[in-house]
Amino acid sequence: MNTITERLARFGLAAPSILLPNSEVNLEKWAVIACDQHTSNAEYWYEVDRFIGDDPSTLRLIFPEVFLEASDEDQKISAIHTAMRSYVQDGVLIELPDRPVLVRRTTSHGVRTGLVISVDLEAYSFERGSNAPIRASEDTIRERLPARIRIRKDAPIELPHILVLFDDPLDTVLGPVPHSRANLLYETDLMFGGGRIEGFSATEALEDITAAFEKLFSQSNNGFYFAVGDGNHSLATAKAIWDSIKPAARRDDPRRYALVEIMNLHDSGLGIEPIHRILFGTDGEAVLDSLGDGWTVKRTSHTIDEIARLVESDRRVIGLVADGVSAVLRVPDTASLAVESAQELVDSLAAARPDYVHGIEAVRSAVANSGAVGLLLPPVDRSAIFSSIETGGALPRKSFSLGSAAEKRYYLEARSLTL
């Protein structure tokens with residue numbers, strides 16, 4: 001009889017030892033939204049800093065991406081690593097051995113369930129066309145990795161905002177797991193509209209979870225078990241570091257693994273949202289003039305809200321909104337997904353500076369206040385995500401979002417990266 005450890009390893013999973021803040025820490029100030037959010041809004045992060053004050057917080061342990069180009073990057077990274085060591089040495093973080101965490105997150109979209117667990121980086125690949133059990137859902141932009149490598153390379157701990165999906169239409173794996181108050185590890189409201197989160201020890205349920213995965217994956221003959229939904233570049237960073245140190249690493253080196261939250265793609269509390277494009281440094285007419293063969297353009301006098309409704313109802317169109325220009329763009333027939341054509345368009349505009357945002361309010365603000373061009377994208381069919389990755393290798397960058405901006409993962413748990 002194989003152990004649970006051996007059985008989980010078949011799918012690239014491992015039960016982690018978790019670091020959680022001690023009982024005196026204010027968890028609402030501790031938990032901060034993923035660092036890849038609000039990348040065009042530095043003021044959000046300044047507000048977070050003011051809200052936290054001098055209290056312990058994961059804000060001191062992360063590098064918000066809006067500041068990645070700062071001239072004092074090295075000093076910021078050094079301060080992050082110092083804070084990590086301090087929180088561990090001073091007992092702000094307490095280790096719980098072999099403790100996967102069942103997470104229950106309440107947002108405006110509903111209640112969703114996830115499992116914080118480790119993934120084996122040997123079972124993961126971000127290469128397009130890989131046959132690894134754990135695969136990237138979108139193309140990895142290698143130029144984005146060096147800055148992230150500098151942050152993680154010498155970090156003594158990691159904090160996950162990576163969300164990894166599995167395809168379980170009947171919700172057989174996490175759906176039946178009880179949320180027993182006897183196993184409660186933490187609960188808190190999340191700052192700035194993030195909803196509420198509860199975490200439960202999943203140690204007692206791990207046998208049932210493992211058996212459910214075995215049954216679910218026995219129906220798969222292709223060995224494709226998990227797709228990275230959020231945090232593709234963060235997991236790719238962990239993989240790149242592991243590959244570089246692997247030849248000299250010990251068998252039990254914790255850097256072989258990465259802490260993630262896995263969840264069912266079909267969880268009713270998990271929204272699948274489009275990611276819209278904002279183009280700075282160009283204008284609406286220039287974008288329309290750049291369209292290649294196969295596009296159909298219908299200029300309109302619609303408001304951004306009206307265009308958004310049109311786009312939501314037709315997955316073959318993209319909305320364009322800019323100062324004095326609005327249009328509905330039908331993508332070429334050769335495109336399998338509208339997001340593919342949208343990204344090709346963005347990549348073709350060499351002079352434009354793109355950003356990727358959630359929700360039409362962010363687009364509305366950028367168009368009104370910054371003179372940007374907004375591209376509104378239709379939603380992605382969740383039932384097609386795994387098949388699209390399997391047949392196409394990966395989706396284009398920023399194809400979909402797991403929930404709106406406020407529904408993104410907040411940092412709460414951590415894991416040691418040192419022996």
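Near D253, once Lys and Arg are set to +1 and Asp and Glu to -1 for all other residues with Cβ below 15 Å from its Cβ, the sum equals +3. So which of K298/K408; K153/K215; K29/K246; K215/K246; K76/K398 end up more than 29 Å apart by C-alpha? Over 29 Å apart, Cα to Cα: K298/K408; K153/K215; K29/K246; K215/K246. Computed from the Cβ-Cβ distance with R0 of 60 Å, the FRET efficiency linking E95 to N369 stands at 0.85. Extension gain, S244 to R144, is 34.3 nm, computed as 0.36 nm per intervening residue step minus the present C-alpha separation.
Put in line by how crowded their Cβ is, counting other Cβ atoms within 10 Å and starting with the fewest, E6, E273, E143 read E143, E6, E273. Net charge in the neighbourhood of L8 (other residues with Cβ under 11 Å of its Cβ; Lys, Arg +1, Asp, Glu -1) is -2. Between N41 and A350, the modelled labels are 3.4 nm apart [label points 7 Å from Cα along Cα→Cβ]. Look at [x] 1.17; [y] 1.07; [z] 0.99: the one that is Cα Rg over 2.2 N^0.38 Å derived from this structure is [z]. Computed from phi, the 3J(HN,Hα) profile of the range 26-39 under the Karplus parametrisation 6.51, -1.76, 1.60 (θ = phi - 60°) reads 6, 5, 5, 7, 5, 7, 10, 5, 3, 5, 8, 9, 6, 6 Hz, with x in place of Gly and Pro. Taking label points 7 Å from Cα along the Cα-to-Cβ direction, D208 and E69 give a separation of 5.1 nm. Farthest toward the positive end of the dipole of the range 275-378, out of A372, P354, A338, is the Cα of A338, where the dipole comes from beta carbon charges about the Cα centre.
The numbers here are math on the coordinates, done by the rules we state, and not lab data. The model shown is predicted, which means the values in this text are computed figures rather than measured ones. FYI the Cβ positions are ideal-geometry reconstructions off the backbone, even for glycines, and counts take in every protein chain you see.
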